[in-house]
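Written below as structure tokens is the structure these notes are about.
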Amino acid sequence: MFELRIISHFAAAHQLKMVSQKCENLHGHNWKVEAYVAGERLNPAGVLMDFGELKNHLSKIMDELDHKFLNELSMFNNNPSSEKIAQYIAETLQSRIENDLVAVSRVTVWESENASATYTPNSKKSPH
């Protein structure tokens, strides 16, 4: 199995509901995103997929989130937790990859240096 990882960032604000009082206040983060894709076979060029293509897909997703108040984005249903953000990025990234041999294996979203959430898709797309 081969796995690629790329890293990106975005800055955004959110306000969580039904968590600790501190996090229910409006606040922001400089989010770090690690996205992984995996597959069992390399293409004829000897790579799983082009890093540039993968970075381009993730960059477009970051543009959707960057400098936004995440609670206002419909995909988070007014409670944009790190878990939901990781899931959204993973599912959106997978939908943009047009290679049946490559699947998003996980996405980790860091809201600080010591706090992150990881989403691992139960992918219908098998990376064989």
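The values are calculated or read from the model by the stated rules, or taken from the named source; none is laboratory data. Since we're looking at a predicted model, the values are computed, not measured. Counting neighbours? That spans all protein chains shown, and the Cβs are built from the backbone with ideal geometry, glycine included.
Does Glu40 fit the bill of being at pLDDT 95 or above and either touching a His at 6+ places or on another chain (Cβ under 9 Å) or closer than 19 Å to Ala117 by Cβ (or both)? It is true that Glu40 is at pLDDT 95 or above and either touching a His at 6+ places or on another chain (Cβ under 9 Å) or closer than 19 Å to Ala117 by Cβ (or both). Applying the selection to the stretch 39-62, what residues are more than 15 Å from the chain's Cα centre (by Cα) and among the hydrophobic types (A, V, I, L, M, F, W, C)? If the condition is that a residue be more than 15 Å from the chain's Cα centre (by Cα) and among the hydrophobic types (A, V, I, L, M, F, W, C), then Leu42, Ala45, Val47, Leu48, Met49, Phe51 are the ones that fit.
Of all residues in the stretch 92-121 being touching a Lys or Arg at 6+ places or on another chain (Cβ under 7 Å) and in a loop (DSSP other than H, G, I, E, B), which is surrounded by the fewest Cβ atoms within 10 Å (Cβ to Cβ)? Checking each candidate, the answer is Asp100. Scanning the stretch 1-40 for residues that are touching a Phe, Trp or Tyr at 6+ places or on another chain (Cβ under 8 Å), of a type outside the set (A, V, I, L, M, F, W, C) and farther than 28 Å from Asn78 by Cβ returns Glu3, Arg5, Gly39, Glu40. Whether any residue in the stretch 65-72 is among the polar types (S, T, N, Q), closer than 21 Å to Tyr119 by Cα, exposed (fewer than 13 other Cβ atoms within 10 Å of the Cβ) and free of Cβ contacts under 8 Å to residues at least 60 places away in the same chain is what I want to check. No, every residue in the stretch 65-72 fails to be among the polar types (S, T, N, Q), closer than 21 Å to Tyr119 by Cα, exposed (fewer than 13 other Cβ atoms within 10 Å of the Cβ) and free of Cβ contacts under 8 Å to residues at least 60 places away in the same chain. Residues that are part of a strand (DSSP E or B) and among the small types (Gly, Ala, Ser) were ranked within the stretch 1-55; the one that is farthest from Thr92 (Cα to Cα) is Gly28. Here Lys68 passes the criteria (1) under 13 Å from the mean Cα position of the chain (by Cα); (2) more than 22 Å from Asn122 (Cα to Cα) except the one numbered (1).
Entry remark, the stretch 73-91: residues being free of Cβ contacts under 8 Å to residues at least 24 places away in the same chain, over 16 Å from Phe10 (Cα atoms) and not in a helix (DSSP H, G or I) number 1 in total.
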